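The values are calculated or read from the model by the stated rules, or taken from the named source; none is laboratory data. Everything numeric in this text was worked out from a predicted model, so none of it was measured. Note that we place each Cβ from the backbone using ideal geometry, even for glycine, and neighbour counts take in every protein chain shown. When the accessible area is computed, the model is the full protein with side chains, heavy atoms only, and any ligands, DNA or RNA have been set aside. Shrake-Rupley method; radii C 1.70, N 1.55, O 1.52, S 1.80 Å.
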Amino acid sequence: MTRIESRLHVPEVPARPGEEPDFSYVRISPAGAVPRPPIGVAVRETVPLAEDLIRVLDDEGAAIGPWDPKLPPDTLRAGLREMLLTRVFDDRMQRTQRQGRISFYVRSWGEEAVSVAAAHALRTGDMLFPSYRNQGLFIGRGTPVLDLMCQLLSNTRDMCKGRQLPVMYHDATRRLFSISGNLATQYPQAVGWAMAAAIKGEDHIAAAWVGEGSTAEADFHHAMLFAKVYRAPVVLNVVNNQWAISTFQGYAGGEQRSFAARGPGLGLAGLRVDGNDFLAVYAATAWAAERARAGHGATLIEHVTYRAGAHSTSDDPSRYRPKDEFPAWPLGDPVERLKKHLIGLGEWDDTRHAALLAELETEVAAAWKQAMSFGTNNDGARLDPALMFDDVFKVLPPHLEAQRAELEAELAAARDAGAAT
Amino acid sequence: MTAMSMVQALNSAMEVMLARDPRVVILGEDVGYFGGVFRATEGLQSRYGAHRVIDTPIAEGGIVGAAIGMAANGLRPVAEIQFADYIYPAYDQIVSELARMRYRSAAAFTAPVTIRTPCGGGIRGGQTHSQSPEGVFAHVSGLKVVMPSNPYDAKGMLIAAIEDDDPVIFFEPKRLYNGPFDGDPHKAAESWAGHPMGDVPEGHYTVPIGKAAVVRAGNAVTVVTYGTMVHVCLAAVADLGLDAEVVDVRSMVPLDIDTLAASVAKTGRCLIAHEATRFGGYGAELSASLQERCFWHLQAPIQRVAGWDTPYPHAFEWEYFPGRLRVRRALEALMQVSA
Ligand SMILES: Cc1ncc(C[n+]2csc(CCOP(=O)(O)OP(=O)(O)O)c2C)c(N)n1
Ligand SMILES: [Mg+2]
């Protein structure tokens, strides 16, 4: 057999299981160091903003520099509460999955600021296109965790009527689009939504999120091009949490060039932001939203963060990355950083924090109990299986009507036989 | 012979081919260091290197497009699409390019690419981890389309696919990866150990593409099926104590119509069963082809059992899945018809 001497470049993962975590590849600017241009700035002026890292909170928890959004303490406390609620909810749902109550779950541990801060920076009329790891957008917009839980359980109060895998939520009244399991598909849809807003003369904008791994899909590029060509009022977010499933961001093209740099590369403004800094995410989102609303076009925001947990409950990250990388992550924990900032302002303390945590845990436990009362995977009330035929079309066509009747006959036969095999 | 699960048999097929043929490369999402989300490529990168077992960006169109280019430049790529539900971004590359490269260039360029992809339901995966799109590809001229139902066939057919000079879409019923499945979700999961088709040679062998297999001989009725449904149909036939012949299609394109038609001509009755949706599905092709060949032998109209014509609903998996009861009811009805 001939030996092939390959000259292919294969991205080298910084650290594998058993090795020391290595985040030396993450380029970090000091807090406050990156300038904040006016919202109407030319795209090419944003090139440095797409390579540097916009940060507001310094290591001591002080807010510094031109990007400080100077939010009132009430907003900061609300943000802290929602990030913490997201985390408590995630932990609880992770455990229920382990107990077999739900079939699947995805936590957003370590990335809570990316979603919650954006929910605060955008207006309620703006349309959001979340990925499966943006539960903080729902919580930030006020979707009750009870509603999310009922979806996870596919129970009688499930907004998706049992048709979707857990976490594929939507909330039409709060303007959160239906989540797809197919990566990046919602990106061009968000641009189209924004184009429609522009066509209709409205000042709503759209915002969409994908993981850095998903930027590889063609839909990501279609979205940027349409946004650029029509100057669509949209904010396009890339959540760079360093990992897809087992492949690190180098496999999505993150080596040597930031994801944000693809914005200016395609003619959109680009911002690279400390995704674990609530204030920086808020400020960057607000800047991009204002720019879009004023007709200056779309912005690509890269949120630099870290996926602290497994990809999903089906994943075991100890197979492909060092255990306990999160403590070594140089941008810290978003909840801890906002907490420290509030304490530094004299607007928060450890006692209040502990009380808040206890309150949220009680709230989530109570919601879970209530959600279970509407049925679970394994017992209690169930949705009528015949519902699976609804909404394939607006009006049930004859062949589906016939199949529904067949299913009902089959279920009756199963009941008669006393077995549902 | 070694006892292997279907995942291990597929792994073994790729290992055999990586060792034998330096042109063989594996590429796909998470297939390298991690060994694939279903572990089908486990250990291959550590043995054959990151230049032959290649982790790719999450871009199915890119994976297939690159595989076509590699094949055109002399390699034998085996591309994995993580779930058949995620194959659609590659649809244009597959339909407009892969399927027609030989034809449009009068064989000046060819693309011997194998695309492996897990399909089918039964794992609570909801609409984005459960689909069976074989019919969508069988309809495209220039693609071979296959689906094994057991470890022995899986290994032999995958080696045959990699050695084939034409593109092969290789569907793997994921519910069968670790054991046969007779359609009863309440039973403890079975393993392939002890199953006759779980006994797999360690070395090189092929199971030819284009050949169906009679997995149970009988005279009263022919059940034509493939994938997970082979096991479901065998169980349904056993439930009823029917003298049925069960034929595993294995290869949708090319189709071994002779084996199928011989069976139907013999029994005079035919039930076609697949997991995929019914309308315009592959079962319609089977039904039409068999009717053309066997019309004068038939004692009853050919019937089909399939998934309902809806997306695959998460909460109603077992009401959606064409399980044993649905197969039994169809068989009972079919046996009552007299010409
Ligand atoms: C089109 C498509 N291909 C593959 C998958 C399988 N898949 C689900 S999530 C995922 C990784 C995504 O990583 P990233 O975009 O970085 O998002 P993260 O999970 O880190 O938030 C993959 C490969 C999918 N859902 N859709
Ligand atoms: Mg990621």
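Within the stretch B:86-97, how many residues are open to solvent by less than 20 Å² (accessible area, probe 1.4 Å), within 11 Å of chain A (Cβ to nearest Cβ) and in a helix (DSSP H, G or I)? Full working, then the answer.
First, the residues of the stretch B:86-97 that are open to solvent by less than 20 Å² (accessible area, probe 1.4 Å): B:87, B:90, B:94.
From the residues that got through so far, the ones that are within 11 Å of chain A (Cβ to nearest Cβ) too are B:87, B:90.
Next cut, in a helix (DSSP H, G or I) only: B:90.
Number of matching residues: 1.
Here residue B:42 clears all of (1) of a type in the set (Asp, Glu); (2) within 21 Å of residue B:161 (Cα to Cα); (3) crowded, with 24+ Cβ neighbours inside 10 Å except the condition numbered (3).
Here is a yes/no grid of residues against (1) touching a residue at least 40 places away in the same chain (Cβ under 8 Å); (2) touching a His at 6+ places or on another chain (Cβ under 8 Å); (3) assigned to a helix (DSSP H, G or I):
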site: B:142; (1), (2), (3): yes, no, no
site: B:154; (1), (2), (3): yes, no, yes
site: B:158; (1), (2), (3): yes, no, yes
site: B:175; (1), (2), (3): yes, no, yes
site: B:182; (1), (2), (3): yes, yes, no
site: B:189; (1), (2), (3): no, no, no
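Applying the criterion of being under 26 Å from the mean Cα position of the chain (by Cα) and assigned to a loop (DSSP other than H, G, I, E, B) to the residues of the stretch A:38-59, the residue that is nearest to the other protein chains (Cβ to nearest Cβ) is A:53. Within the stretch A:338-384, the set of residues being more than 14 Å from every other protein chain (Cβ to nearest Cβ) and touching a Phe, Trp or Tyr at 6+ places or on another chain (Cβ under 7 Å) comprises A:338, A:339, A:342, A:364. Screening A:133, A:175, A:141, A:163 for residues that are among the charged types (D, E, K, R) and within 20 Å of residue A:213 (Cα to Cα) leaves exactly one candidate, A:133. On inspection, residue A:387 does not qualify as in contact (Cβ under 8 Å) with a residue 60 or more places away in the chain, away from chain B (no Cβ under 14 Å) and open to solvent by 20 Å² or more (accessible area, probe 1.4 Å). Given the residues A:114, A:106, which is the only one that is farther than 29 Å from residue B:315 by Cα and crowded, with 23+ Cβ neighbours inside 10 Å? Answer to the check: A:114.
Of everything in the stretch B:72-85 that is open to solvent by 10 Å² or more (accessible area, probe 1.4 Å) and over 16 Å from the mean Cα position of the chain (by Cα), the residue that is farthest from the other protein chains (Cβ to nearest Cβ) is B:72.
Can you name every residue in the stretch B:108-151 that is of a type in the set (A, V, I, L, M) and more than 14 Å from chain A (Cβ to nearest Cβ)?
As a first pass, look at the stretch B:108-151 and keep what is of a type in the set (A, V, I, L, M): B:108, B:111, B:113, B:115, B:123, B:136, B:138, B:140, B:143, B:145-147.
B:108, B:111, B:113, B:115, B:136, B:138, B:140, B:143, B:145, B:146, B:147, listed by residue number.
State the number of residues belonging to the stretch A:123-170 that are within 13 Å of chain B (Cβ to nearest Cβ) and either in a helix (DSSP H, G or I) or within 16 Å of ligand 2 (Cβ to nearest atom) (or both). Qualifying residue count for the region: 6.
Name the one entry in A:35, A:17 that is at pLDDT 95 or above and either more than 14 Å from every other protein chain (Cβ to nearest Cβ) or closer than 30 Å to residue A:233 by Cβ (or both). Walk me through it before giving the result.
Numbers: A:17 fails: either more than 14 Å from every other protein chain (Cβ to nearest Cβ) or closer than 30 Å to residue A:233 by Cβ (or both).
Result: A:35 is the single residue among A:35, A:17 that is at pLDDT 95 or above and either more than 14 Å from every other protein chain (Cβ to nearest Cβ) or closer than 30 Å to residue A:233 by Cβ (or both).
Just so you know, in the stretch B:35-61 the residues that are assigned to a helix (DSSP H, G or I) and polar (S, T, N, Q) include one that is nearest to ligand 2 (Cβ to nearest atom), and it is B:45. For the stretch A:187-212: of the residues being within 21 Å of residue B:62 (Cα to Cα) and open to solvent by less than 10 Å² (accessible area, probe 1.4 Å), which is nearest to ligand 2 (Cβ to nearest atom)? Out of the qualifying residues, it is A:212.
Within the stretch A:366-382, identify whether any single residue is closer than 30 Å to residue A:407 by Cβ, surrounded by fewer than 17 Cβ atoms within 10 Å (Cβ to Cβ) and hydrophobic (A, V, I, L, M, F, W, C), and answer yes or no. The answer is yes; a qualifying residue exists. Looking only at residues that are in contact with a strand residue (DSSP E or B) (Cβ under 7 Å, 6 or more places away or on another chain) and assigned to a helix (DSSP H, G or I) in the stretch A:239-265, which one is farthest from ligand 1 (Cβ to nearest atom)? Here the residue is A:264. Can you spot a residue in the stretch A:60-76 that is away from ligand 2 (no atom under 16 Å from the Cβ), of a type in the set (Gly, Ala, Ser) and within 14 Å of chain B (Cβ to nearest Cβ)? No, because not a single residue in the stretch A:60-76 is away from ligand 2 (no atom under 16 Å from the Cβ), of a type in the set (Gly, Ala, Ser) and within 14 Å of chain B (Cβ to nearest Cβ). If you go through the stretch B:36-53 and keep only what is within 8 Å of chain A (Cβ to nearest Cβ) and within 15 Å of ligand 1 (Cβ to nearest atom), you end up with just B:37. Taking every residue in the stretch A:252-277 that is within 28 Å of residue A:84 (Cα to Cα) and pairing it with any residue that is more than 16 Å from ligand 1 (Cβ to nearest atom) and of a type in the set (Asp, Glu), at least 6 positions away or on another chain, the pairs with Cβ-Cβ distances below 7 Å are A:272/A:51; A:272/A:52; A:276/A:333. Taken across the stretch A:273-283, residues that are within 16 Å of ligand 1 (Cβ to nearest atom) and either modelled with pLDDT under 95 or in contact with a Pro (Cβ under 7 Å, 6 or more places away or on another chain) (or both) do occur, with at least one present.
Quick check: anything in the stretch B:62-70 assigned to a loop (DSSP other than H, G, I, E, B), open to solvent by 10 Å² or more (accessible area, probe 1.4 Å) and not basic (Lys, Arg)? Taking every residue of the stretch B:62-70 in turn, none turns out to be assigned to a loop (DSSP other than H, G, I, E, B), open to solvent by 10 Å² or more (accessible area, probe 1.4 Å) and not basic (Lys, Arg).
Looking at the stretch A:336-346, which of the residues that are within 28 Å of the chain's Cα centre (by Cα) and open to solvent by 50 Å² or more (accessible area, probe 1.4 Å) is farthest from residue B:308 (Cα to Cα)? This residue is A:343.
Restricting attention to the stretch A:195-217 and to residues that are away from ligand 1 (no atom under 16 Å from the Cβ) and part of a helix (DSSP H, G or I), the residue that is nearest to the other protein chains (Cβ to nearest Cβ) turns out to be A:195. Please work out which residue is nearest to ligand 2 (Cβ to nearest atom), limiting yourself to the stretch A:218-238 and to residues that are open to solvent by 10 Å² or more (accessible area, probe 1.4 Å), touching a Gly at 6+ places or on another chain (Cβ under 8 Å) and not in a helix (DSSP H, G or I). Checking each candidate, the answer is A:233. Each residue in the stretch B:117-155 was checked for being farther than 30 Å from residue A:167 by Cα, over 13 Å from the mean Cα position of the chain (by Cα) and open to solvent by less than 10 Å² (accessible area, probe 1.4 Å), and 1 of them qualify.
Would you mind stating whether residue A:333 is open to solvent by 10 Å² or more (accessible area, probe 1.4 Å), of a type in the set (D, E, K, R) and within 14 Å of chain B (Cβ to nearest Cβ)? So residue A:333 fails the test.
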